[in-house]
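> So that we are looking at the same thing, I have put the structure below in structure tokens.
The values are calculated or read from the model by the stated rules, or taken from the named source; none is laboratory data. Note that the structure is predicted; figures quoted are calculated from it, not measured. Heads up, the Cβs are rebuilt from the backbone with ideal geometry, glycines too, and the neighbour counts pull from every protein chain shown. Protein only, heavy atoms only, side chains kept; ligands, DNA and RNA dropped before computing areas. Shrake-Rupley method; radii C 1.70, N 1.55, O 1.52, S 1.80 Å.
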Amino acid sequence: MKTFMKVAFVAIFAVTAGYGVYASQKADVMSELVLANVEALASGEGGNGENQCYQVYTPADWFHSDQIFVDCYTCTQKKGRNFDISRSCYRN
């Protein structure tokens, strides 16, 4: 009986330690929002302020997955989806 308890304790310890190593090796994935922010920051560094923008889009709502984009009419960032009619706008 003592041998069984020792083996069970060692097995539980090994499983716990193994899971700890596995959990610490998981790669951190950047969220879509962080990636969109990085892309928006990088696109603004062009020197002349030119940005790709969209004239036609569906506005953001609470039940769809939305993306950050640049609206051509205001040349500002907004959230939406289903982009169409792309061109460039300039920010000061």
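> Considering only region 55-75, state which residues are over 14 Å from Ala36 (Cβ atoms) and not in a loop (DSSP other than H, G, I, E, B).
Listed by number, the residues that qualify are Gln55, Val56, Tyr57, Thr58, Pro59, Asp71.
> Restricting attention to region 58-75, which residues are in contact with a strand residue (DSSP E or B) (Cβ under 9 Å, 6 or more places away or on another chain) and open to solvent by 60 Å² or more (accessible area, probe 1.4 Å)?
Pro59, His64, Ser65, Gln67, Tyr73, Thr74
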